[in-house]
Amino acid sequence: MTYIEWRDELKNNLMSVSDGERRRVLEYYAEAFADRREAGFSEVQIIEEFGAPYDAAQRILGGLEGDTDGAFTPEGGKGANADGEHIVSAEAESIVGENEPDKEHIDGASVEKPGADKAEADKSEEPSADKAKGKKRKKRWKIAIIVIAAILSACFTGAIVYMFVGLAVNDWQFVTKYSRQEYTCTSEITSLDIEGTVGGIEVKPYDGDKVYVKYPTSKRFSVTVEEKDGRLTVNGPQTTFPFWGMLNIPNTVIMLPNTAVCDLTVSVSAGRVSVGDGIFNDCKFKVSAGSLDLGKITCKTADITVSAGDVDVKGLICSKITARVSAGDISVKDAAADDVDINVSAGSVKLRLAGKKEEYSVFVDKSAGSCNLKPQAGTTAKTIKVDISAGSVEIKFN
Amino acid sequence: MYCIVLFIVGYVMDAQLKKGILEVCVLHAISRGESYGYKIISELNGIIEMSESTLYPILKRLESGGFISARSVEYNGRLRRYYRITPSGTARLKSGEGDLKEIIDVYNRLFGGKV
């Protein structure tokens with residue numbers, strides 16, 4: 001076997017590496033062969049030392065395995081340093097090999113050409129490197145698309161499963177099936193606590209003498225009505241299957257005798273709660289979302305806290321109104337109170353008060369926002385305190 | 001002594017360890033001065049068995065790891081690739097020597113003799 005034959009066979013066994021890498025291996029062997037020839041070895045001896053082309057190729061491939069730079073990038077190859085620059089012969093004079101006693105000095109100019117040729121050769125392999133990068137990019141995109149498709153498929157499948165389970169729970173009816181139940185209180189009610197979630201809750205004062213609650217029930221949601229020690233608690237629909245059948249839930253109606261004067265606490269986190277005209281002791285209204293509609297309410301004190309959502313009051317007669325708004329709006333159309341305390345950090349409060357403006361002593365603490373009132377001393381003991389850091393307060397008088 | 005240990009471990013150690021030792025050997029050969037493939041193999045002849053097909057991937061790995069730098073120089077009308085050790089290569093060599101000393105210690109403890 002001649003060296004050329006050996007080299008060709010080696011080349012054939014290195015088809016799994018890039019063109020550039022294969023070329024560098026062949027150049028490396030050409031150099032090794034030439035060095036041995038100059039050292040006095042015969043072609044046969046050298047080929048014998050190199051071993052079988054297949055074995056040599058396997059050792060090279062095995063050695064290159066796990067090479068993180070792909071093992072086959074042109075930058076790491078012959079004729080290039082780590083920055084990919086071709087370094088040729090500027091320092092040639094300092095290179096003295098043990099087998100080159102007569103060639104200690106190398107003319108720098110004479111080596112430019114091989115270097116340039118090398119550069120040309122490297123340029124020729126740039127397209128294959130680009131091609132490899134392109135392939136990698138394509139592969140990444142393919143993986144990304146597969147992952148996204150898998151996620152979407154999982155979501156879609158989940159939604160389908162969820163829909164069928166929801167349907168199964170509701171006896172395979174798309175429209176939520178519900179029935180009405182009624183609860184009649186057995187004792188005198190001194191406190192009414194309402195928590196609005198979804199759907200609507202109505203409080204309707206009437207001329208009767210019993211407190212009772214009419215509420216819907218379904219497999220998809222449940223309304224809680226509890227009576228304990230004179231406290232009636234009504235919690236709006238809680239879902240057993242979120243997002244399923246929560247639309248068009250019928251209102252829960254609390255029928256409250258006009259004579260039953262009790263404390264009223266309403267907390268609305270969603271949905272809508274409405275309270276008709278009625279008389280109460282202390283009232284606390286807290287709205288974090290959704291809406292609260294109050295009719296003409298007569299009570300001792302009214303405490304309204306809004307962090308979001310809207311509170312709309314037709315009438316409010318009490319000794320003290322406290323309103324705290326961090327967001328959302330409060331609108332009281334007709335109010336009468338001796339003491340009004342308003343704190344607004346955002347949102348707005350609109351209030352129409354009974355009496356004349358001169359009757360009220362007004363205290364305004366404003367860091368930002370707007371208030372239509374200015375501090376003043378009143379002719380009566382009635383006070384209005386406004387603390388506003390943002391938003392707006394508008395108080396008018398009848 | 002150093003050579004004997006290298007000779008022993010060259011035969012008995014697993015491929016990964018052998019690869020590391022071979023790298024240290026090549027770095028050691030290059031640390032003596034700028035060198036090229038055939039010269040490296042000639043210097044290591046008698047110390048550890050190494051063929052061209054073994055040396056090529058080692059040189060490539062050391063170069064891409066920044067432990068050696070390489071340049072091509074014309075010699076006798078052809079190009080010859082010369083390798084030079086870098087500061088990180090020197091550090092790697094020092095660390096490799098430490099590893100080899102540990103191997104010697106392990107050998108001595110195991111077999112009770114002095115290598």
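Taken over segment A:135-270, the convex hull of the Cα atoms encloses 127 Å³ per residue. Other protein chain C-beta atoms within 10 Å of residue C-beta, averaged over B:74-86: 6.
Hey, how many Å between the Cα centroid of segment B:36-88 and the Cα centroid of segment A:186-223? That distance is 89 Å. Please label the shape of segment A:331-396 as rounded, prolate or oblate, based on the square roots a ≥ b ≥ c of the eigenvalues of the alpha-carbon gyration tensor (a/c under 1.5 means rounded; beyond that, a/b larger than b/c means prolate, else oblate). Taking the square roots of the gyration eigenvalues as a ≥ b ≥ c, segment A:331-396 is oblate.
Counting only other chain Cβ atoms within 10 Å of each residue's Cβ, the peptide B:48-59 averages 6. Semi-axes of the equivalent ellipsoid of segment A:251-398 are 25, 19, 10 Å, computed as sqrt(5λ) over the eigenvalues of the C-alpha gyration tensor in descending order. Separation of the alpha carbons by more than 18 angstrom is noted, of A:356/A:385; A:296/A:333; A:296/A:350; A:214/A:300; A:314/A:382, for A:214/A:300; A:314/A:382.
Values in this text are rule-based calculations from the coordinates and carry no lab data. What you are looking at is a predicted structure, and each value in this text was computed from that prediction instead of being measured. Neighbour counts run over all protein chains shown; Cβ positions are idealised from the backbone, glycine included.
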